[in-house]
Amino acid sequence: MNGAATTNGYATRRRTTELLRIATAGSVDDGKSTLIGRLLHDSKAIFEDQMQHVVETSERRGDGYLNLALLTDGLRAEREQGITIDVAYRYFQTPRRKFIIADTPGHEQYTRNMVTGASTADVSIVLVDARKGVSEQTLRHAFISSLLRIPHLVVCVNKMDLVGYDEDVFYAILDEMTDWTARLAIPDITFIPISALHGDNVVDRSDAMQWYGAATLLYHLEHVVIAPDRNLNDVRFPVQWVIRPMSDEHHDYRGYAGQVAGGVLRPGSEIVVLPGGQKTTVAAIDTYAGEVEAAFPTMSVALRFADEIDVSRGDMIVEAEDQPCAARELEAIVCWMSEQPLQPRGRYAIKHTTRTVRAVIEEVEYRVDVNTLEHLDANQLGLNEIGRVRLRCSAPLMVDPYARNRTTGSFILIDEATNDTVAAGMVLSAQ
């Protein structure tokens, strides 16, 4: 009975405070920035001074209409060219949910920006220009969303006003995208016809598209269920910091802080600290607001243990009977982000959760043509290219396949000479 009450209490808390992370993508001029501006405008999430600035800038530019894209195109180069270059993050909230939107670039030369912005997303919104139909960039964005294991894909067929709100145009695009995405690992796909410029089916239903009977975009985002997407089976808690206040009030306090990456932790849970292998039980779970009875994925907490054991940053707390692979050799998909190409025998620092070790790229196995999904022979990877590589690490990393856990299955590579992040990777297998 108590367990049910705890679960129900957690479900209620998540419904009222749940955060949905969204990434938008699409070809240049498909209307990503305008769509985000429309969501902010129609959901009343814009401050008066922001709105006045957009009005004045629209008039000064001679746009002839309220250019809501100016709310997200923050760089001067973006406004001058009318394209998205950097990843812009916007926050808004409705009575039902909180949202963070990453407006990612559409052009191929900014693939690394899209991968960065979409890496933590729960939902990917891919826009298609109703006049142009499905393009190579549309297919590439759907593939990258699949590669990043974003569980929910929303295809918004935009600019329906420019094709007379034609039902046949929408369903032709739906059929083409459905055929393509059947080749990808995307569990949930939704299609919505919209006009971001006029607001049709964005927040409010469109009178011009009575033939479309499903939900508007905002309604869908408010109600999409993401709790099952979290891995609640495998306990994974990378230790970020050891808290020792050493104050008179908390002289003997010792807590191990971090963000839950998987599973459910409760007082009394039997755990193992990797890589050392020390065993103990959880005595209490602390948050900024006080003790809690359970910790779930994405919660930031501090754990107290029943025994005094040696734990430090970079260690991982797991359940004894369900441990990740402590691996030195990784097979992974990487997106290369440096202008200097990746080559075999390259040496880098690899940062995985809160642990950093050194790694060598032993082999580039192939490069992926992101437009056709073809695997191409390659001995290096250039800027924005995606491929499969084999790495050897100087010390073991506690990893899961990316398909099992997006947090413990991902990593970045760092050039130690410049401290630049040169690649983002997703673990396929480890040993």
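The values are calculated or read from the model by the stated rules, or taken from the named source; none is laboratory data. Since this is a predicted model, take the numbers as computed values, not measurements. Every residue, glycine among them, receives a Cβ derived from its backbone with ideal geometry; neighbour counts consider all protein chains shown. Each accessible area value is taken on the protein alone, full model and side chains, heavy atoms only, with ligands, DNA and RNA left out. Shrake-Rupley method; radii C 1.70, N 1.55, O 1.52, S 1.80 Å.
Highest mean first, the peptides 146-155, 361-370, 391-400, 221-230 sorted by other C-beta atoms within 10 Å per residue fall in the order 146-155, 391-400, 361-370, 221-230.
Annotation for Q340 and A185: the two label points, set 7 Å from Cα along the Cα-Cβ direction, are 3.2 nm apart. Here the Karplus curve 6.51 cos²θ - 1.76 cosθ + 1.60, taken at θ = phi - 60°, turns the phi angles of region 382-397 into couplings of x, 3, 6, 8, 10, x, 9, 10, 10, 10, 10, 9, 6, 8, x, 10 Hz, with x standing for Gly and Pro.
Expressed as a whole percent, the accessible surface of region 145-293 that belongs to carbon and sulfur atoms is 49, based on a 1.4 Å probe. Solvent-accessible surface of region 150-309, taken per residue with a 1.4 Å probe and all protein chains present: 48 Å². Each peptide in 409-417, 179-187 was scored by the mean count of other Cβ atoms within 10 Å over its residues; highest first, the order is 409-417, 179-187.
In the distance distribution for region 169-228, Cα-Cα pairs more than 16 Å apart total 53 percent.
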